[in-house]
């Protein structure tokens with residue numbers, strides 16, 4: 001009952017003209033960013049975050065804008081997957097498998113509209129999931145003390161490194177680098193300046209915006225330079241029927257719904273994200289369809305399922321961020337950093353202390369989702385024309401806007417140079433296969449992690465036992481260990497299973 | 001091979017961190033864990049993961065061609081130059097200048113890139129500084145654009 005009341009308050013916030021306009025603007029920008037190959041949600045949110053702050057938007061409006069960008073990206077990624085066979089963002093990789101074949105058969109319009117529809121359903125299911133589960137989780141998390149928080153953050157790192165592809169050690173390295181960066185500057189407990197080298201510019205720490213823009217905008221540009229000489233050569237023109245039929249909706253309905261639920265669950269888990277969710281549901285639907293399916297040759301369910309999943313997981317990733325204050329993905333980590341600019345620390349207390357912010361955001365997820373459905377079906381032609389925008393305009397534009405964002409915080413050349421430095425270093429690290437999401441997670445969580453560790457150990461006067469005392473923290477440590485060990489074992493087993501086949 | 005270099009750099013970095021952090025101490029201490037413990041813990045972890053990469057580097061190679069290296073270097077220099085000149089030249093001029101090498105690296109002709117840069121510099125300046133109230137440096141063009 002309480003929940004419905006809070007939700008009503010939330011809609012009161014989300015439906016004010018400014019916030020409505022921001023949700024629409026965010027959705028529009030997000031769709032474009034998501035559609036452009038090479039740029040994903042984390043880049044879009046990173047580039048817009050400093051601008052939201054510079055424009056002096058109130059915190060809930062800023063968060064609504066960023067959330068709409070995030071959701072918009074998950075909508076937009078499908079467009080280039082279907083029309084170009086190049087995924088617009090990582091979550092849309094699976095959409096290309098059947099989307100592009102459909103487009104080649106002249107069904108591009110149908111693929112685009114049904115995927116917009118399933119994206120909408122995915123987001124809707126996941127947002128309802130947030131409404132149902134987030135308050136419960138927040139209430140439970142209120143009982144967390146510093147020791148439990150420390151264990152929880154270790155769990156989040158274990159998830160993000162355990163699930164991170166073939167090089168878990170590089171993910172650990174990235175997380176430690178991020179944590180180390182967060183220790184630069186004044187230590188508020190003792191008044192000691194750490195790692196500043198006596199430079200006044202570093203005395204209050206490295207600006208979050210500088211790191212994020214360097215890592216996700218400048219280094220992305222350098223990566224694009226090396227990888228994407230993308231041209232609109234393979235672009236398929238949308239012809240024929242552009243709307244799906246009711247029969248097609250009925251045909252894809254259960255795939256969409258199943259994938260939405262799976263996507264939400266995967267999204268809630270820290271570390272797993274849209275990419276894993278869409279890959280999981282694609283193979284799940286392929287198996288369920290059996291020999292009757294034409295997966296890989298333009299099965300409409302192969303378009304609907306991953307799109308529902310990647311949107312659902314994006315919305316699901318708000319759950320750990322809002323309820324625990326511990327972001328589970330790079331994109332939500334950036335949002336936590338954005339809130340920190342407003343001196344707001346997300347966490348379970350936020351639900352009672354700042355309900356307008358939390359519920360305003362949740363309600364605006366519903367609103368943004370509806371807006372996105374509207375702009376993504378009839379206006380898809382406008383977006384496809386933007387795919388033809390040449391990189392020699394786009395890239396200098398991104399760089400200029402990024403610099404504006406960095407400059408707007410402190411107005412120093414030092415920050416701009418630091419941004420360039422981070423960009424080049426991040427590029428070299430990424431070239432070496434070091435993932436950047438753990439780094440940003442480490443940078444965001446670093447201060448909180450250290451504070452909770454110190455607070456926990458203050459209680460027992462330095463005795464480490466407190467970290468493993470309560471059942472909650474023990475459970476989290478066990479979970480963390482499982483997250484590290486199980487994927488390795490699975491990998492080992494798979495390798496064993498493959499070896500006889502090779503020999 | 002380059003995993004080894006990365007690991008080695010990390011070990012050196014960790015040593016530097018530990019050396020810098022070893023004498024961080026609170027003048028008046030009222031908690032058991034001071035400002036030194038967490039950085040030292042991180043330095044230890046960094047050294048361990050760096051050492052791991054030195055001992056067990058992954059096989060995948062990702063060599064860059066010489067031509068690629070040249071464009072990449074040029075783009076990186078352009079970004080640094082942009083950062084340095086942002087305040088002195090002002091946003092509009094610096095952006096126009098930056099867009100030439102960056103635009104050309106992305107396949108634009110000299111004429112196109114120059115036009116794109118000039119357009120971006122002017123349009124974005126008007127949008128942010130005049131319309132959205134995000135103050136940007138005017139630099140050399142202060143006499144035309146007003147402001148600092």
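The values are calculated or read from the model by the stated rules, or taken from the named source; none is laboratory data. For clarity, every value in this text was computed on a predicted model and none was experimentally measured. Cβ placement follows ideal geometry from the backbone for every residue including glycine, while neighbour counts extend to all protein chains displayed.
Just one of the numbered conditions (1) modelled with pLDDT under 90; (2) in a helix (DSSP H, G or I); (3) more than 9 Å from chain B (Cβ to nearest Cβ) is not true of residue A:473: (1).
Just one of the listed residues (B:108, B:117, B:121) is at the interface with another protein chain (Cβ under 10 Å from one of its Cβ atoms), outside any helix (DSSP H, G or I) and crowded, with 22+ Cβ neighbours inside 10 Å, namely B:108.
Which residue, of A:430, A:455, is within 21 Å of the chain's Cα centre (by Cα) and surrounded by fewer than 20 Cβ atoms within 10 Å (Cβ to Cβ)?
A:430
Applying the criterion of being surrounded by fewer than 15 Cβ atoms within 10 Å (Cβ to Cβ) and within 14 Å of chain B (Cβ to nearest Cβ) to the residues of region A:380-394, the residue that is nearest to residue B:110 (Cα to Cα) is A:389.
Restricting attention to region A:428-448, the residues being at the interface with chain B (Cβ under 8 Å from one of its Cβ atoms) and either closer than 19 Å to residue A:335 by Cα or at pLDDT 90 or above (or both) number 1.
Exactly one residue out of A:27, A:38 is under 28 Å from residue A:89 (Cβ atoms), outside any helix (DSSP H, G or I) and under 24 Å from the mean Cα position of the chain (by Cα): that is A:38.
For (1) part of a helix (DSSP H, G or I); (2) farther than 23 Å from residue B:43 by Cα; (3) in contact (Cβ under 8 Å) with a residue 12 or more places away in the chain, each residue gets a yes or a no:
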| residue | (1), (2), (3) |
| --- | --- |
| A:414 | yes, yes, yes |
| A:429 | yes, no, yes |
| A:434 | no, no, yes |
| A:439 | yes, no, yes |
| A:450 | yes, no, yes |
| A:461 | no, yes, no |
| A:466 | yes, yes, yes |
| A:477 | yes, no, yes |
| A:482 | yes, yes, no |
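For region B:127-146, the count of residues that are more than 9 Å from chain A (Cβ to nearest Cβ), touching a helix residue (DSSP H, G or I) at 6+ places or on another chain (Cβ under 8 Å), part of a helix (DSSP H, G or I) and on the phi > 0 side of the Ramachandran plot is nonzero. Checking the stated criteria, residue B:73 turns out not to satisfy the condition of being at negative phi, surrounded by 14 or more Cβ atoms within 10 Å (Cβ to Cβ) and either in a helix (DSSP H, G or I) or at the interface with chain A (Cβ under 10 Å from one of its Cβ atoms) (or both).
Checking residue A:414 against (1) within 10 Å of chain B (Cβ to nearest Cβ); (2) surrounded by fewer than 20 Cβ atoms within 10 Å (Cβ to Cβ); (3) within 15 Å of residue A:154 (Cα to Cα): exactly one of these is not met. Which one? Residue A:414 satisfies all of (1) within 10 Å of chain B (Cβ to nearest Cβ); (2) surrounded by fewer than 20 Cβ atoms within 10 Å (Cβ to Cβ); (3) within 15 Å of residue A:154 (Cα to Cα) except (3). Taking only pairs six or more apart or across chains, which ones have beta-carbon atoms under 7 Å, a first residue in region A:187-210 that is more than 11 Å from chain B (Cβ to nearest Cβ), and a second residue that is assigned to a loop (DSSP other than H, G, I, E, B)? Hits for this filter: A:201/A:412; A:202/A:184; A:202/A:196; A:203/A:196; A:205/A:184; A:206/A:184.
Residue check: residue A:486 meets all listed conditions (1) surrounded by fewer than 14 Cβ atoms within 10 Å (Cβ to Cβ); (2) without any contact (Cβ under 8 Å) to a residue 40 or more places away in the chain but one, namely (2).
Would you check if residue A:45 is under 22 Å from the mean Cα position of the chain (by Cα) and modelled with pLDDT of 90 or more?
When the stated conditions are applied, residue A:45 passes them.
Among the residues of region B:15-46, those that are more than 9 Å from every other protein chain (Cβ to nearest Cβ), under 24 Å from residue A:451 (Cβ atoms) and touching a helix residue (DSSP H, G or I) at 6+ places or on another chain (Cβ under 8 Å) comprise B:18, B:22, B:40, B:44. Please report, ordered by residue number, the helices (runs of 4 or more DSSP H) entirely within region A:247-363 with at least 1 residues that are over 25 Å from residue A:151 (Cα atoms) and touching a residue at least 60 places away in the same chain (Cβ under 8 Å). Because the criterion is at least 1 residues that are over 25 Å from residue A:151 (Cα atoms) and touching a residue at least 60 places away in the same chain (Cβ under 8 Å), the helices (runs of 4 or more DSSP H) in region A:247-363 that meet it are A:274-289, A:301-316, A:330-341.
Just checking, does region B:84-102 include any residue being without any contact (Cβ under 8 Å) to a residue 12 or more places away in the chain, facing another protein chain (nearest Cβ under 9 Å), surrounded by fewer than 16 Cβ atoms within 10 Å (Cβ to Cβ) and more than 24 Å from the chain's Cα centre (by Cα)?
No, because not a single residue in region B:84-102 is without any contact (Cβ under 8 Å) to a residue 12 or more places away in the chain, facing another protein chain (nearest Cβ under 9 Å), surrounded by fewer than 16 Cβ atoms within 10 Å (Cβ to Cβ) and more than 24 Å from the chain's Cα centre (by Cα).
Only one of the numbered conditions (1) modelled with pLDDT of 85 or more; (2) over 30 Å from residue A:490 (Cβ atoms); (3) facing chain B (nearest Cβ under 10 Å); (4) in a helix (DSSP H, G or I) is not met by residue A:226, and that is (1). Residues satisfying the criterion are present in region B:52-70 (criterion: touching a residue at least 24 places away in the same chain (Cβ under 8 Å), under 30 Å from residue A:157 (Cβ atoms) and buried (at least 22 other Cβ atoms within 10 Å of the Cβ)). Among the residues making up region A:229-251, those that are at pLDDT 85 or above and loosely packed, with under 15 Cβ neighbours inside 10 Å are A:245, A:246, A:247, A:250. You will find that of A:167, A:174, the residue that is surrounded by fewer than 21 Cβ atoms within 10 Å (Cβ to Cβ), within 22 Å of the chain's Cα centre (by Cα) and within 14 Å of another protein chain (Cβ to nearest Cβ) is A:167 and no other. Name the single residue, out of those in region A:368-379 being modelled with pLDDT of 90 or more and surrounded by 24 or more Cβ atoms within 10 Å (Cβ to Cβ), that is nearest to residue A:88 (Cα to Cα). Selected residue: A:372.
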